[in-house]
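So the structure is just underneath, and the comments pick up after that.
None of the figures in this text is laboratory data; all of them are computed from the coordinates on show. None of the values given here were measured: they were computed from a predicted structure. All Cβ positions, even for glycine, are placed from backbone atoms using ideal geometry, and neighbour counts span all protein chains on display.
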Amino acid sequence: MPITPDNPIGTFRKVYLAQTTDEKIKRLRASSGGAVTSLLCYLVEKGLSDGVVVAKRTKGFEGEAIVACTREKILKAAGSRWNIVPFTTRLKRVIEERGLRRVAIVGLPCQAQFLTQMRYLPLLETDFGERIFLVVSLFCIGTFAHEVFLSFLNSKYRVRASQIRDLQLLGDKFVVKLEEGQITVDVKEALTYLQSGCLLCTDYTGVLADISAGSVSQFPSYTLLLIRSALGEKLVKEAIDENYIVVIEEPEVLTEVRKKALEKIMRASKYAAQLL
């Protein structure tokens with residue numbers, strides 16, 4: 001079903017508020033539940049996936065795509081990314097070089113769309129799509145134009161890239177976590193610094209993924225999971241049964257998610273009209 005103002009988050013089977021049971025992951029991801037990190041650890045440790053593709057922070061907002069085949073590497077990559085990490089340009093080569101056959105990939109809605117199309121409409125010249133086992137999409141209002149957003153943070157808040165440890169969207173505020181303390185930035189102000197292509201994107205949650213994941217302000221220490229496919233439902237249930245994550249069902253949390261998804265659709269309509 002396409003994204004529309006009446007259905008801004010697509011179709012899904014179940015919705016959970018999820019939290020890791022692992023104390024180390026809780027310390028790393030205390031502000032967001034850590035459920036995606038725990039799910040990835042479950043896949044690798046149980047041999048269900050032979051590698052997961054995630055974005056790892058290098059410095060400031062910068063990041064790089066890595067293939068993590070162990071729990072330790074997955075934990076090193078845990079955290080939010082608000083600049084685009086172009087992993088699809090090198091993903092095929094890395095997967096083939098390592099001989100990986102069942103890869104789980106965490107990305108943004110735009111990347112989830114590409115990856116899902118590769119799974120179900122594969123190119124004849126490659127078996128890349130057949131190697132994609134699971135696609136997890138993170139909620140996304142857009143990614144920042146790196147240099148101009150950092151310039152804004154430095155000029156207004158005297159924050160340098162090297163000080164930034166994490167960035168999380170909570171309600172109508174971005175919480176920028178620093179080496180010491182944190183600052184909050186109003187979403188409307190931050191939108192000025194998004195990549196131009198993101199202003200035309202209508203997908204907030206990643207409607208084509210197996211699982212969509214993000215945060216909501218009412219439950220900041222949980223991960224909201226939208227379970228979209230039979231595979232996603234099966235794997236999350238197994239992770240619950242194996243005590244990697246715990247979940248509660250709270251359907252009312254979707255009010256905030258739908259609001260943000262609708263705002264992204266309206267924003268895209270506004271900017272598309274300006275281009276005509």
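Structural remarks
- Given the chain, longest segment not containing exposed loop GluC sites (Glu not before Pro) (DSSP; at most 14 other Cβ within 10 Å): 1-124
- The chain: antiparallel DSSP beta bridges as a percent of all, rounded to 5: 75
- Listed options for Cα extents along the principal axes in Å are [x] 47, 46, 40; [y] 64, 44, 31; [z] 95, 53, 27. The value calculated from this structure is the one marked [x].
- Dmax and Rg, reported as Rg then Dmax, of the range 1-56 (C-alpha, Å): 14.9, 40
- Two-site FRET efficiency, K188 against E233, from Cβ-Cβ distance with R₀ of 30 Å, rounded to 0.05: 0.25
- Two-site FRET efficiency, Y271 against N243, from Cβ-Cβ distance with R₀ of 35 Å, rounded to 0.05: 0.20
- Among S155, S137, S49, sorting on how many other beta-carbon atoms sit within 10 Å of each Cβ, with the fewest leading, yields S155, S49, S137.
- Full-extension gain in nm, R27 to T255, via 0.36 nm per residue minus C-alpha separation: 79.2 nm
- Computed FRET value (nearest 0.05) for E263 with Y120, which takes r as the C-beta separation and R₀ as 35 Å: 0.75
- Listed by chain and number, the lysines placed with their C-alpha closer than 18 angstrom to that of K270 are K188, K259, K260; residues fewer than eight positions away on the same chain are left out.
- A crude spin-label estimate for the pair S162 and S196, with each label 7 Å from Cα along the Cβ direction, gives 3.3 nm.
- Reachable aspartates and glutamates, given that their alpha-carbon falls under 19 Å from the alpha-carbon of K76 and they are not under 8 places away in the same chain: D22, E23, E45, D50, E62, E64, D166, E179
- Sequence-separation-based contact order of the chain, relative, with Cα cut under 8 Å and 6+ spacing, percent: 27
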